[in-house]
Every structure is written in structure tokens, then in C-alpha cells.
1. So, in the range 31-62, of the ones that are out of contact with any Gly (no Cβ under 9 Å at 6 or more places or on another chain) and not in a strand (DSSP E or B), which residue ends up farthest from residue 93 (Cα to Cα)?
2. Only one of these conditions is not met by residue 82: (1) part of a loop (DSSP other than H, G, I, E, B); (2) at positive phi. Which number is it?
3. Does residue 51 qualify as being farther than 16 Å from residue 120 by Cα, surrounded by fewer than 18 Cβ atoms within 10 Å (Cβ to Cβ) and out of contact with any helix residue (DSSP H, G or I) (no Cβ under 6 Å at 6 or more places or on another chain)?
4. Can you tell me which residue is nearest to residue 80 (Cα to Cα) among those in the range 15-58 that are modelled with pLDDT under 90 and among the polar types (S, T, N, Q)?
5. Which one of these is touching a residue at least 40 places away in the same chain (Cβ under 8 Å) and over 18 Å from residue 100 (Cβ atoms): 32, 22?
6. Within the range 65-117, restricting attention to residues that are surrounded by fewer than 15 Cβ atoms within 10 Å (Cβ to Cβ) and hydroxyl-bearing (Ser, Thr, Tyr), which residue is nearest to residue 33 (Cα to Cα)?
7. Given the conditions (1) open to solvent by 90 Å² or more (accessible area, probe 1.4 Å); (2) farther than 30 Å from residue 104 by Cα, which single one is not true for residue 45?
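The values are calculated or read from the model by the stated rules, or taken from the named source; none is laboratory data. Keep in mind the model is a prediction, meaning the values are calculated, not measured. Here the Cβ positions follow ideal geometry from the backbone for every residue, glycine too, while neighbour counts run over all protein chains shown. Ligands, DNA and RNA are stripped out before the accessible areas are found, and what is left, the full protein with its side chains, is counted by its heavy atoms. Shrake-Rupley method; radii C 1.70, N 1.55, O 1.52, S 1.80 Å.
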Amino acid sequence: APGCDGTVNISSASSASQVRIPWWYAVTTDTPSRISILDQISSGRAGSMQREAVLFRVTDVSGVPVTVVTPVATVVSGDAQNVTVRSLDDEVPGLFAVDLRLGITQGTNVLEIRAGSTVVQVTISAR
């Protein structure tokens, strides 16, 4: 990943102890490189509203959260509806949540989460 890293070595003048402190400095961009799914439900009752069904973070090539891009989620398979993406950045930096209503038909629902050109698919079953 772009950036710099290294170690600061601190030695004691009065003893032989030494401490190594790692550091990292990232070079950030506003371009999404990865969507990481942090948590998701695997299934829910058909027809039920599922708040925070998927929790995810969008990061750049250095792994730093990208918050200037608004991700979107769409249903690509199944009959889930009312899909919304909310920012939870006030609670956890860079965190987003997907809320949705599972369709009344039992079966799988595939969601596509997109941030810029970065895409990931998530499957949730309606039972």
C-alpha cells in the first residue's frame, strides 16, 4: 500500500533496555479500492424489515476509509425492496449500513453494493 512505515528505536541511557515503536503514514486518496463486509445477517423472516442487515466499510488502496463517496446497494436477485444505505460514520468512522425489507417469497436475495467502480455482492436468505 502507498505510504511509509518504519520503526523508532528508543534505548535507555541507564539500562540495556530498548523499545521498538512501529509507525505507519498512509498516502490517502478519495478513490474506493475495497468494500469490506464487517457484519451481515445470513437470513431473516420473509417480508421482514432488516435494519443494519449489512455493515461495511469502503477503503482506499492504503486501507483508509473513504467517506466522500456515497455507496449504493441494489437488489440483483430476489424480491427484497426498500434498500437504503446509511452512514454510521458518527458512531464508527467509515462505517455504512444497509437496511432492507426482505421480499415475501422465501429464497435468496442477492444485493450488490457499489462505491465508485468497486463492487461486492452479498446474499441474504428469506425464510
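1. Applying the filter and picking the extreme gives 45.
2. (1)
3. Values: farther than 16 Å from residue 120 by Cα: yes; surrounded by fewer than 18 Cβ atoms within 10 Å (Cβ to Cβ): yes; out of contact with any helix residue (DSSP H, G or I) (no Cβ under 6 Å at 6 or more places or on another chain): yes.
Judged against the criteria, residue 51 is a match.
4. Restricting to residues being modelled with pLDDT under 90 and among the polar types (S, T, N, Q), the top hit is 29.
5. On the way: 22 fails: touching a residue at least 40 places away in the same chain (Cβ under 8 Å).
When all the criteria are applied, what remains is 32.
6. If we take residues in the range 65-117 being surrounded by fewer than 15 Cβ atoms within 10 Å (Cβ to Cβ) and hydroxyl-bearing (Ser, Thr, Tyr), then 117 is nearest to residue 33 (Cα to Cα).
7. Result: residue 45 passes all but (2).
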